[in-house]
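Here is the structure we will look at, set down as structure tokens.
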Amino acid sequence: MNRRALVRRPGPRLADGLLTHIDRVPVDLDLAGRQWEAYVAALQAEGWETIEVPPEPDCPDAVFVEDTVVMYADLAVITRPGADERKPETAGTDQVLRDLGFRIAHIEAPGTLDGGDVLKHDGTVWVGLGGRTNQSGIDQLAAHLAPLGAEVVAVPLTKALHLKSAVTALPDGTVVGWDPVVDDPGTWTSYLGVPEEPGAHVVLLDDSTVLMSSAAPRTRALYEERGLRVVAVDVSEYEKLEGCVTCLSVRLR
């Protein structure tokens, strides 16, 4: 399998990133830079080629490259972020994916869609509705993905910035979440509540390996008991900005 992932370096204004559900605390830019380098190194060590989207120094949240595109097979759906400050972030992602040969589609006004609101597994695409993503954005995404056989399902979202701030999925399809920020765990037939908020965020590296935050040791143990191999990274400076391990990359497969 050709495993590639988009990443984007943090910019000088990272500490000014938008916040919606948590209070602002100081961000250590030097530490954030080292953590980003370690995150990228972890992907590379697991056999993933990383491709850098050009930085956007004037966009504090641009490091969260996941929000700029939804990938499905050979189609890249370029998003239209729900926060106006983030709309300039998509152009660089668009160009990189064009250069790589992907088919391109766009979410158009009045639709808004953040990639962090999109959780995919085995032909089902759940999309968080109520934060940065609106119904028009979901409808447009559904239209783009329908020819590829995907079923798009809107999920209520009121307690977290993005759907993947609340839930992600393990390789076997079990959806994992931190209950206090999950609106309706009954959305998923297989749901597992985890004991730590950072533990609800995993990036699938292969069929038995997940990347997650080092800030959730009890959840790591839970995953390892289920037979998963865990790669843990420190993303504390990004967690201060409502970010997590999923936000910092886009897997291309």
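Can you name every residue in the stretch 213-237 that is of a type in the set (A, V, I, L, M), open to solvent by 10 Å² or more (accessible area, probe 1.4 Å) and either in a helix (DSSP H, G or I) or in contact (Cβ under 8 Å) with a residue 24 or more places away in the chain (or both)?
Matches in the stretch 213-237: Ala215, Ala221, Leu222, Leu228, Val231, Val233.
What tally of residues in the stretch 193-212 results from selecting those that are without any contact (Cβ under 8 Å) to a residue 40 or more places away in the chain, in a strand (DSSP E or B) and out of contact with any Lys or Arg (no Cβ under 9 Å at 6 or more places or on another chain)?
Residues flagged as without any contact (Cβ under 8 Å) to a residue 40 or more places away in the chain, in a strand (DSSP E or B) and out of contact with any Lys or Arg (no Cβ under 9 Å at 6 or more places or on another chain) within the stretch 193-212 amount to 1.
Kindly check whether there is at least one residue in the stretch 112-135 that is surrounded by fewer than 18 Cβ atoms within 10 Å (Cβ to Cβ) and basic (Lys, Arg).
Yes; the residues of the stretch 112-135 include at least one that is surrounded by fewer than 18 Cβ atoms within 10 Å (Cβ to Cβ) and basic (Lys, Arg).
If Asp58 satisfies all but one of (1) among the acidic types (Asp, Glu); (2) within 17 Å of the chain's Cα centre (by Cα); (3) farther than 21 Å from Ser165 by Cβ, what's the number of the condition it fails?
(2)
For the stretch 84-111, which residues satisfy the criterion of being assigned to a helix (DSSP H, G or I), open to solvent by 10 Å² or more (accessible area, probe 1.4 Å) and of a type in the set (A, V, I, L, M)?
Answer for the stretch 84-111, where residues must be assigned to a helix (DSSP H, G or I), open to solvent by 10 Å² or more (accessible area, probe 1.4 Å) and of a type in the set (A, V, I, L, M): Ala91, Val96.
Of the numbered conditions (1) more than 14 Å from Asp114 (Cα to Cα); (2) crowded, with 16+ Cβ neighbours inside 10 Å, Thr158 satisfies every one except a single condition; which is it?
Failed condition: (2).
Return a yes/no flag: does the stretch 177-184 have any residue that is out of contact with any Pro (no Cβ under 7 Å at 6 or more places or on another chain), under 24 Å from Glu89 (Cα atoms) and either open to solvent by less than 50 Å² (accessible area, probe 1.4 Å) or in a strand (DSSP E or B) (or both).
For the stretch 177-184, residues out of contact with any Pro (no Cβ under 7 Å at 6 or more places or on another chain), under 24 Å from Glu89 (Cα atoms) and either open to solvent by less than 50 Å² (accessible area, probe 1.4 Å) or in a strand (DSSP E or B) (or both): absent.
The values are calculated or read from the model by the stated rules, or taken from the named source; none is laboratory data. Quick caveat, the model's predicted, so the values are computed rather than measured. Don't worry about glycine lacking a Cβ; one is built from the backbone with ideal geometry, like all the others, and counts go over all protein chains shown. These accessible areas exclude ligands, DNA and RNA; they are computed on the full protein's heavy atoms, side chains included. Shrake-Rupley method; radii C 1.70, N 1.55, O 1.52, S 1.80 Å.
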